[in-house]
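Here's the structure, in structure tokens; my notes come after.
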Amino acid sequence: MKVKITENQLKKIILKEGSDKCLKSTPKSWNTVNYSLDDIKNGKIIKFGDYDPKDGNAIKLIQTRLNDTLYKGEPDGKYGKGMLEQLSFVLDIDLCKQQNNTINVGPNALKLLGIYFDITPEVEEDYLLTTTLVGENVKGTQEELNAILSTIKNRAIKCGKSMKDILSIGKQYSTLNYYNSLSDKEKKQELYNRVLKQKLKPKYNHFDDMFKKVQSFRKTKPLPYNHYAANYLVKKYNSKTDSLATSYKKNKKSSTVIGDHTFWWDDKHRCN
């Protein structure tokens, strides 16, 4: 029987065989620290042997991220042998070539792990669009995603608003109900927290891919839709009288099914 492996998998096997010889033993004592992600982003360094028992702090968040790939077991806040081995795998670092055969974790390592990011004004809307779609558990092809984003873009154009403004209209996306109840200052922190949470959870591994698809949409012309609904809901609309069902029934002839959703145009829609 032949077993096929990718070039990347082979590289990791070779790396592991070499690094195993240089893998440090579990520390005999621990250095207790109290580092948040912001502390690491601002220059603090996590070193082998550090222990941080606080939930939500850097070490446990890193271990959660590693759990997406290789780390086994619940995050314990201890940067020991297991975490070092997984860091060497994920970051593709040969421990035998590292000073003291270890990996210090600073801002650059956080970037490589995908948990150090800045939500600047230039990309804030794209992050909000992405976290909304991930929160709504939207999946599908680039075409289907473009159609969904087109419904938001077309409403924004007609209402003279930004896509971010459209997402801020109440009772449109349930995943944003809490976000939209906050002040502008609070929203910035909540957006960061949402993105970080989605990046860290295994079932949200597609966040980064979704973000790229949202940015790709920017380069396309919006499709002619400003309403959409899941196909399984559309099947029930004949017996429904709510606003979305009524809109669909009035514009059913021009509707289009793309993937798991049905799209249509209706001149009437909310702007606030």
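The values are calculated or read from the model by the stated rules, or taken from the named source; none is laboratory data. As the structure is a computational prediction, the values presented were derived from the model and not from experiment. Heads up, the Cβs are rebuilt from the backbone with ideal geometry, glycines too, and the neighbour counts pull from every protein chain shown.
Restricting the range 147-182 to residues that are in contact with a helix residue (DSSP H, G or I) (Cβ under 7 Å, 6 or more places away or on another chain) and of a type in the set (S, T, N, Q), the residue that is modelled with the highest pLDDT is Ser162. The set of residues in the range 213-235 being under 19 Å from Lys164 (Cβ atoms), surrounded by fewer than 14 Cβ atoms within 10 Å (Cβ to Cβ) and of a type in the set (Lys, Arg) consists of Arg218, Lys219. In the range 156-179, of all residues being touching a residue at least 40 places away in the same chain (Cβ under 8 Å) and aliphatic (A, V, I, L, M), the one that is surrounded by the most Cβ atoms within 10 Å (Cβ to Cβ) corresponds to Leu176. If I filter the range 101-137 down to residues being among the hydroxyl-bearing types (Ser, Thr, Tyr) and assigned to a loop (DSSP other than H, G, I, E, B), which single residue comes out as surrounded by the most Cβ atoms within 10 Å (Cβ to Cβ)? This residue is Thr102. Residue by residue through the range 196-224, note down the ones that are of a type in the set (Ser, Thr, Tyr) and part of a helix (DSSP H, G or I). Correct list: Tyr204, Ser216.
Go through the residues of the range 257-264 one by one and say whether even a single one is part of a loop (DSSP other than H, G, I, E, B), of a type outside the set (S, T, N, Q), closer than 15 Å to Val138 by Cβ and modelled with pLDDT of 90 or more. It would help to see each step written out before you state the result.
Taking the range 257-264 as the starting set, the residues that turn out to be part of a loop (DSSP other than H, G, I, E, B) are 259-260.
Checking which are of a type outside the set (S, T, N, Q) leaves us with 259-260.
Add one more test, that the residue is closer than 15 Å to Val138 by Cβ, and what stays is 259-260.
Checking the rest, the ones that are also modelled with pLDDT of 90 or more come to 259-260.
Yes: one or more hits.
On inspection, Asn272 passes the criterion of being modelled with pLDDT under 95 and closer than 21 Å to Lys164 by Cα. Against the definition (of a type outside the set (A, V, I, L, M, F, W, C), in a helix (DSSP H, G or I) and under 22 Å from Leu244 (Cα atoms)), how does Asn193 come out, yes or no? The answer is no for Asn193. State the number of residues belonging to the range 127-146 that are hydrophobic (A, V, I, L, M, F, W, C) and at pLDDT 95 or above. Here the count works out to 2. Restricting Leu244, Leu200, Leu223 to residues that are at pLDDT 95 or above and not β-branched (Val, Ile, Thr) narrows the list to Leu223. Every condition in (1) in contact (Cβ under 8 Å) with a residue 24 or more places away in the chain; (2) touching a Lys or Arg at 6+ places or on another chain (Cβ under 6 Å); (3) part of a helix (DSSP H, G or I) is met by Glu144 except one, and the failing one is (2).
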